[in-house]
Amino acid sequence: MGIGSLHRDSHRNSHPILAPLASALAALWLSVPAASIAGTLPAGGTFVAGSGSISGGGSTLTIDQTTSRGVIDWSHFNSLADLENVAKNLSGNYALGTNIDASATTDGSYVPLGNVNTPFNGQFDGFGHTIDNLDLQQTVAGDQGQQGYVLQPLGLFGFIGRSGVASNLSVNGSTAPYGAYATYGVLAGINEGTIVGAATSGSMTLVGGSSYQATVGGLVGQNRGTISRSSSSVSIESEGDNGGLVGDNAAGATIEQSYATGSVNSVAHSRGGGGLVGTNEGTITQSYATGQVVEPNPPDNPNLIPAVGITVSNMGTIGNDVYWDKDTTGASIGVYTGTQVPAANGLTSAQMSETASFAGYDFGPGGVWAMPAGATHPVLSWQVGQ
């Protein structure tokens, strides 16, 4: 894995793509044309001293500095081994240089990045790439959950800390069928930082053992930070507290401009599941769910919780711009207990395909949302063409 910290004094330089540097956090004064350095480097470095902007086009990397001196930090990787080595520096800045096939993780060797003692507090930019076939079998150290047990997070990231950022990334993954008191998400078990422009797909099956005490979300198990412009199509079958996008959106946490399309099948001892989130104590705005929601049958569902479009329990704030497809989810209500949402926010599938149904959503040029021809629901603009 090449890691570089590049110094440059000129205010504007346009040159062939710079090479990832071999030594960790090596510092170079670039006084010679960068063409003398072979290799590739994405245009996603971070100014860690000074300021400016970086952009790429064709074979040219353009650096615009607004200060006389800038320090740019990259960590660029292209393989599963490089991905696993992120654990060696959980505060680094990382740029994914290509799609990664993680099918070798079927041996159970993958360890989620970050835990409660050493969270991931770096920046991880996927540059629109995908990590595929990630088999998630190991949990990592967590902290105290609401029921007094220790939450053991599982995902690509175990624990994203308050300064951590994960962006521009798609992850396809699955979990082992046997669960425990843990918080499961394909992208992250627990998020205290910022997730933006992320998408997950795959499946999560958690039955048996102590999985009835689990918190399960297609994107994130428990969100304590911010999730923006992200989505999940992960299908869930679990005895835990389940949500299509997030299992538990905690107090003070935010979900905005995001959606879930995966099915949520709550079985056996489950406390129920919601199309978007399992429980909400935070804030949700401009988001929706379309995946089928199935609640346990009696006697495992003594309260006879029906299918729920958004969340089983809402002790937080859900905006009037949060919707669910009442045809595909099979849910006639958006919230089971707590503060309700308007019944009118349950849309038919026909309404879901019309931009006029989504109050406040920006479908214009450069807007967050798009409705491609023939689409059955909105998508995020960054997903168009992928």
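Throughout, read-outs are computed from the coordinates displayed, never taken from laboratory work. This structure is a prediction, so every number in the text was calculated from the model and none was measured. Note: ideal-geometry Cβ built from the backbone for every residue, glycine included; neighbour counts use all protein chains shown.
First measure r as the distance between the Cβ atoms of Ala373 and Ser349, then evaluate 1/(1 + (r/R0)^6) with R0 = 25 Å and state the FRET efficiency to the nearest 0.05.
0.95
Multiplying the sequence separation of Thr317 and Ala251 by 0.36 nm and subtracting their Cα-Cα distance, what value in nm do you get?
Contour length minus Cα-Cα distance gives 22.8 nm.
With a Förster radius of 25 Å, plug the Cβ-Cβ distance of Phe363 and Thr66 into 1/(1 + (r/R0)^6) and report the FRET value to the nearest 0.05.
With a Förster radius of 25 Å, E is 0.15.
Given labels modelled 7 Å from the Cα in the Cβ direction, how far is it in nm from Ser91 to Gln137?
Going by the 7 Å Cα→Cβ label model, 3.4 nm.
Sorted from fewest to most neighbouring beta carbons within 10 Å, what does the list Asp241, Asp321 look like?
So the residues, fewest neighbours to most, are Asp321, Asp241.
Report the gain in length on full extension from Ser109 to Ser163: 0.36 nm times residue separation, minus Cα-Cα distance, nm rounded to one decimal.
16.8 nm
With just the Cα atoms defining each centre, how far is the range 89-123 from the range 327-347? Give it in Å.
Here the answer is 37 Å between Cα centres.
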